[in-house]
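What follows is one structure encoded as structure tokens, with my remarks underneath.
The values are calculated or read from the model by the stated rules, or taken from the named source; none is laboratory data. In this text the structure is predicted, and so the values were computed from the model without any measurement. Here Cβ is always computed from backbone atoms with ideal geometry, including for glycine, and neighbour counts include all displayed protein chains.
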Amino acid sequence: MDPFEGFKKTQKEGWAHFAPLEAVTSRPAAHLVKFAGLRGGQKVLDVACGTGVVAVTAARLGARVTALDLTPELLERARENARIAQVDIEFHEGDVEQLPFADATFDVVLSQFGHMFAPQPAVALAQMLRVLKPGGTIAFSTWPPDLMTGRMFALIARYSPPPPPGVAPPSQWGDRNVIRERLGSAVRDITFDTGTMLAPALSPQHFRHATEKTAGPLVKLVQMLSAGDPAKLADLRREDEALAAEYFHDNAVHQDYLMTRAVRN
Ligand SMILES: C[S@@+](CC[C@H](N)C(=O)[O-])C[C@H]1O[C@@H](n2cnc3c(N)ncnc32)[C@H](O)[C@@H]1O
């Protein structure tokens with residue numbers, strides 16, 4: 001029995017509305033695939049694939065792609081994206097903490113803003129490394145805690161009931177020292193790079209409107225506060241817009257991310 005079953009069920013409900021944000025995560029997907037040095041013919045796993053932006057990008061380069069996500073609504077869209085792009089991708093509904101693949105199956109394991117949401121980082125990472133061949137590449141994109149999206153997670157956490165004991169904050173995965181420590185001696189050649197995701201918006205208020213309908217953890221929090229505490233919801237919205245305003249210029253919110261790449265020993 002998974003001690004985090006209830007937590008993951010809530011996450012799944014929140015992420016069900018994420019599909020419109022694929023327009024924003026598509027360009028960082030190409031950045032991650034390039035950063036991973038992906039080549040045609042490689043066996044690739046996209047973990048927490050969402051609507052398949054990384055998976056489709058990799059498949060269009062000729063990789064043999066498998067992709068997995070917790071949320072069935074997003075997998076439905078991912079299958080449609082693969083059909084539209086005319087690529088074959090094997091999709092699985094599942095949990096990064098229990099990957100349904102044999103040891104040493106893949107040449108490359110990728111995750112864009114995905115595995116960071118698993119409650120147990122050590123379990124998720126051990127699974128991703130288990131299914132990766134020795135000499136294979138693991139590469140992922142994550143949100144640093146001190147920048148826009150990481151700060152947004154901290155804001156959401158401040159307004160939310162505490163998570164079950166043992167759940168690690170997702171943006172720990174955006175800290176280079178934590179990443180080095182977690183990867184430890186299982187890998188070599190750890191390399192970092194950064195990029196900026198642009199979320200087009202007419203104003204910080206537009207950004208807030210859009211994200212509270214699409215971004216998993218915020219969707220759930222806004223639903224909860226709308227029903228139970230409208231005054232607290234108004235405070236959250238004020239803080240959310242003020243944060244977005246710090247990163248808003250040229251009609252986009254600029255969200256910097258960290259990319260990590262390493263080779264499995
Ligand atoms: C921010 S979205 C990113 C989706 C996609 N990779 C992208 O870049 O557009 C986070 C994704 O993580 C998935 N997710 C969260 N927890 C997961 C878990 N334990 N196992 C697998 N997927 C998970 C969600 O369903 C969601 O699709």
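Comparison of V123, V109 shows that the only residue that is in contact (Cβ under 8 Å) with a residue 40 or more places away in the chain, closer than 17 Å to A186 by Cβ and touching a helix residue (DSSP H, G or I) at 6+ places or on another chain (Cβ under 6 Å) is V109. Applying the selection to segment 142-154, what residues are farther than 17 Å from L183 by Cα and either part of a strand (DSSP E or B) or free of Cβ contacts under 8 Å to residues at least 40 places away in the same chain (or both)? Across segment 142-154, the qualifying residues are P145, D146, G150, A154. All of V33, V56 fail the test of being under 23 Å from L129 (Cβ atoms) and either at pLDDT 95 or above or not in a loop (DSSP other than H, G, I, E, B) (or both), apart from V33.
The sole residue among L243, L233 that is under 23 Å from the mean Cα position of the chain (by Cα) and in a helix (DSSP H, G or I) is L243. Would you check if F4 is modelled with pLDDT under 95 and either within 13 Å of the ligand (Cβ to nearest atom) or of a type outside the set (D, E, K, R) (or both)? Considered against the rule, which asks whether it is modelled with pLDDT under 95 and either within 13 Å of the ligand (Cβ to nearest atom) or of a type outside the set (D, E, K, R) (or both), F4 comes out as yes. Taking the criterion of being within 22 Å of T51 (Cα to Cα), of a type outside the set (K, R) and assigned to a helix (DSSP H, G or I), the residues of segment 192-230 that qualify are F207, H209, A210, T211, E212, T214, G216, P217, L218, V219.
Within the option set L75, L45, L21, being closer than 22 Å to A262 by Cα and of a type in the set (A, V, I, L, M) holds for one residue only, L45. Only one of the listed residues (A157, A139, A168) is farther than 29 Å from A242 by Cβ and either outside any helix (DSSP H, G or I) or touching a residue at least 12 places away in the same chain (Cβ under 8 Å) (or both). That residue is A139.
Does D229 satisfy the criteria of being surrounded by 14 or more Cβ atoms within 10 Å (Cβ to Cβ) and acidic (D, E)? No; evaluated as a whole, the condition is false for this residue. Of the candidates R208, R151, the single residue that is at pLDDT 95 or above and within 17 Å of the chain's Cα centre (by Cα) is R151. Of the listed requirements (1) touching a Lys or Arg at 6+ places or on another chain (Cβ under 6 Å); (2) of a type in the set (S, T, N, Q); (3) within 21 Å of D189 (Cα to Cα), T51 misses just one: (3). Candidates E73, E90, E22: the one that is closer than 18 Å to T142 by Cα and not hydrophobic (A, V, I, L, M, F, W, C) is E22.
If you check L45 against the conditions, is it touching a residue at least 12 places away in the same chain (Cβ under 8 Å) and assigned to a helix (DSSP H, G or I)?
So L45 fails the test.
For segment 32-43, the count of residues that are small (G, A, S), within 12 Å of the ligand (Cβ to nearest atom) and under 24 Å from W143 (Cα atoms) is zero.
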